[in-house]
Amino acid sequence: MDKVPSHIRQRAAAELLRPTRMRIASVLIVLLGAMGWGAPDTTRAETPLTQDVACTRLKERVARMSALPKDGPVGIGWFCELVPYGENEWFVIALRSNRECDGICSNLMGWYAVDRRTGALHEFDVGEFRVGSELKDN
């Protein structure tokens, strides 16, 4: 029979198994990462809109709803005036034309709110200073 002491045989067996343990550990780490740690977080909000993108989306929707060109009222155009609002979730926008006139007049075309995360477009109630109903295409 073999005259190798048992403690040496155990150590030799452990050394032979070490690479296998490392491979198993590596595979487990990869699997755990794929199942949760490395998976994308689908609950995270989309990239927030910029003011320019919010303004462009608003103009496009109002133009479509009002049968106006995308550039705004013919011959005068329009622009967005952003108004400070306490809730960071929204851009509050006064949509204005470039109308000029003598005397008293207004260039205000409407008050709107744009959700910074989703891009949803809403009316804005200036009297109540709150976000109103969502804009719907006609």
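Bear in mind these aren't lab numbers, they're just calculated from the coordinates by the rules spelled out. Worth saying up front: this structure is predicted, and the values here are computed from it rather than measured. Counting neighbours? That spans all protein chains shown, and the Cβs are built from the backbone with ideal geometry, glycine included.
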- Query: Tally time: how many residues in the range 71-82 are free of Cβ contacts under 8 Å to residues at least 12 places away in the same chain and surrounded by 12 or more Cβ atoms within 10 Å (Cβ to Cβ)?
  - Reply: 1
- Query: Hey, among S66, S106, S133, S97, which residue is touching a residue at least 24 places away in the same chain (Cβ under 8 Å) and either farther than 29 Å from T47 by Cβ or loosely packed, with under 14 Cβ neighbours inside 10 Å (or both)?
  - Reply: S97
- Task: Quick one: in the range 109-130, of everything that is in contact (Cβ under 8 Å) with a residue 40 or more places away in the chain and aliphatic (A, V, I, L, M), which residue is nearest to E60 (Cα to Cα)?
- Result: L121
- In the range 48-88, what residues are among the small types (G, A, S) and either assigned to a loop (DSSP other than H, G, I, E, B) or over 19 Å from the mean Cα position of the chain (by Cα) (or both)? A63, S66, A67, G72, G75, G77, G86
- Note on the structure: How many residues of the range 114-130 are under 21 Å from the mean Cα position of the chain (by Cα) and either assigned to a loop (DSSP other than H, G, I, E, B) or surrounded by fewer than 13 Cβ atoms within 10 Å (Cβ to Cβ) (or both)? The answer is 5
